[in-house]
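Notes for the one structure printed next.
The values are calculated or read from the model by the stated rules, or taken from the named source; none is laboratory data. For clarity, every value in this text was computed on a predicted model and none was experimentally measured. For neighbour counting, all protein chains shown are included, and Cβ atoms are generated from backbone atoms with ideal geometry for every residue, glycine included.
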Amino acid sequence: MTLKNVIPMLLAAAALAGAASPCAAAEAGAEGGADLLARAKAARERAEKALAEAREAHLEARRALAADLAEAYDALDAVRKQADAARAARADLAEQVADLDRTAPLAADQARRHLRHAAEAVAAEVPPDADAQAVEQAIRGRLDARLAAVRRGGTVRLATETVIARDGAETPVPVLRVGEVAAYACGRDRATLGLLRARTDGPPLVAGPYLTEPGAEALRAAAGGRLARLPLDVTGSLADRTATEPKTLRAWLEAGGLFIYPIVAVGALGVLLVLERFGYLVLTKPHPALLSDVLGHLERGDTAAAREAASRSRSPAGRVLAAGVAAVGQSEDQREAAMESALLAEAPHLERSLSLLGALAGVAPLLGLLGTVSGMIFTFDTISSVGTGNPRLLSGGISEALITTQLGLMVAIPLLLAHAGLERWVQRREAMLEHQAIQVFGVQRTPGLERPKPGLERSERPGTNADEEGDA
């Protein structure tokens, strides 16, 4: 191998070596970039996860802060309400203290009067020649009695006592006595709830106007031992006022007593009977063309068509006409008996419940009169027990006596008018049925409808003599 051949080979090898070096560097750079990108992605994922955790922690902190703020606001509202209640209680106590300050001089004057009366009573009872010990004992007894009265005047007592309710009945109820100033009945209903007025000849009387709802709640609270503002009859005129009952239908019916209920039942039953009869008479009204259709078929001698036309109607007129058509071809007496039987069969359906309706119209005022007698008996019983001093107690029996009669007449008058109208309606319907039966019976007697039997003479055929022709 010559030198000329070696030099080119060396140059080619060098060129190949130079070309291989950049490729290896490029591959090494590519591997490093991929590794760096993977590390960047992992760092980004960790950063995003840390950010999400931080956001969740921030939201939880905000929720906890909001809950704490809500509790703080609730506590602040409760404290404000307690402060308002304390201020109201303080104002009430201040008013009570002012009232006590105003009444203290009166109580002192009353105590002095008690002492003076006690001394006067002792001076009147003890003889002039009595010793000092007897006089001292008499004075002590009188003073003890007066002091007991004073103590009763400054105490609040709650006990069950028998009172006369607003309706005149004697009822045991809780009674709240505020010293000797006022007394209140603390019953469950309005008749046993209100001011009490003392009576010399019996138990105290529930008097005065009805308490309002706040007044009734205050009285129940005071009876339960709680602080409340009670209605006070300072002048003594409040207990003399008449309690006015609200004017409602329920109150009016309750004032009528026990006999209101049968009168109302009689009225309700009467209304149902009137509606039933009215509906029946309206629904069974015959069609105006029914009679003309049946008569037209009979005049043409088509008995089957006449029977079918009468049977299609569900009214009493249709049944009467059907009975007349069914009797075609029979003797005159048989046809007449069939028509009369059909008319008599329809009469009970038309007149049904009318007699009961008339009886109810007569019973209603009698029940009202019975309630009147019961109310007067109750009134006289009240007079015998409590006297005639309070008209309020007598009003219960008088209301029962008058309201039952009023309601009885209010029920009886419309029922009587309805009974008269329905009875007249039924009479007209029965007269119409009789008129239709007579028309059908007259058409049946015409010569063309009855075919004579073979062998009968013309003079023996029904409907051929002069009398029958004149009747037809």
2 or more residues touching a Lys or Arg at 6+ places or on another chain (Cβ under 6 Å) and either at pLDDT below 75 or surrounded by 14 or more Cβ atoms within 10 Å (Cβ to Cβ) (or both): qualifying strands (runs of 3 or more DSSP E) within segment 127-222: 205-207
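Conditions tested, residue by residue: (1) in contact with a helix residue (DSSP H, G or I) (Cβ under 6 Å, 6 or more places away or on another chain); (2) modelled with pLDDT of 75 or more; (3) under 30 Å from LEU415 (Cβ atoms); (4) hydrophobic (A, V, I, L, M, F, W, C).
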site: ALA251; (1), (2), (3), (4): no, no, yes, yes
site: LEU258; (1), (2), (3), (4): no, yes, yes, yes
site: TYR280; (1), (2), (3), (4): no, yes, yes, no
site: SER292; (1), (2), (3), (4): no, no, no, no
site: GLU308; (1), (2), (3), (4): no, yes, no, no
site: GLU340; (1), (2), (3), (4): no, yes, no, no
site: PRO348; (1), (2), (3), (4): no, yes, yes, no
site: SER353; (1), (2), (3), (4): yes, yes, yes, no
Number of positions in segment 320-345 that are in contact (Cβ under 8 Å) with a residue 24 or more places away in the chain, in a helix (DSSP H, G or I) and crowded, with 20+ Cβ neighbours inside 10 Å: 7
Some residue of segment 287-294 being touching a Ser or Thr at 6+ places or on another chain (Cβ under 9 Å) and in a loop (DSSP other than H, G, I, E, B): yes
Residues of segment 287-302 satisfying the condition of being crowded, with 16+ Cβ neighbours inside 10 Å and touching a residue at least 60 places away in the same chain (Cβ under 8 Å): LEU291, VAL294, LEU295, LEU298
Residue within segment 303-316 that is assigned by TED's automatic domain parsing to the domain that holds GLN436, farther than 10 Å from VAL440 by Cα, in contact with a Leu (Cβ under 7 Å, 6 or more places away or on another chain) and not in a helix (DSSP H, G or I) present: yes
Every residue from segment 303-319 that is under 58 Å from the mean Cα position of the chain (by Cα) and either loosely packed, with under 14 Cβ neighbours inside 10 Å or free of Cβ contacts under 8 Å to residues at least 60 places away in the same chain (or both): ALA306, ARG307, GLU308, ALA309, ALA310, SER311, ARG312, SER313, ARG314, SER315, GLY318, ARG319
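A quick yes/no check of all residues on (1) in the same structural domain as HIS435 (by TED's automatic domain parsing); (2) closer than 30 Å to GLN427 by Cα; (3) within 54 Å of the chain's Cα centre (by Cα):
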residue: ALA326; (1), (2), (3): yes, yes, no
residue: SER331; (1), (2), (3): yes, yes, no
residue: LEU350; (1), (2), (3): yes, yes, yes
residue: SER353; (1), (2), (3): yes, yes, yes
residue: LEU366; (1), (2), (3): yes, yes, yes
residue: GLY371; (1), (2), (3): yes, no, yes
residue: PHE378; (1), (2), (3): yes, no, yes
residue: SER384; (1), (2), (3): yes, no, yes
Where a residue in segment 419-435 is in the same structural domain as ARG352 (by TED's automatic domain parsing) and its partner, wherever it lies, is part of a helix (DSSP H, G or I) and of a type in the set (Gly, Ala, Ser), with Cβ under 7 Å and at least six apart: HIS419/GLY358; HIS419/ALA361; GLU430/ALA347; LEU433/ALA317
Sole residue being modelled with pLDDT under 75 and surrounded by 13 or more Cβ atoms within 10 Å (Cβ to Cβ), chosen from LEU456, LEU416, LEU449: LEU449
Residue selected from segment 223-249 under the condition assigned to a loop (DSSP other than H, G, I, E, B), closer than 30 Å to GLY371 by Cα and not aliphatic (A, V, I, L, M), by the criterion modelled with the highest pLDDT: THR248
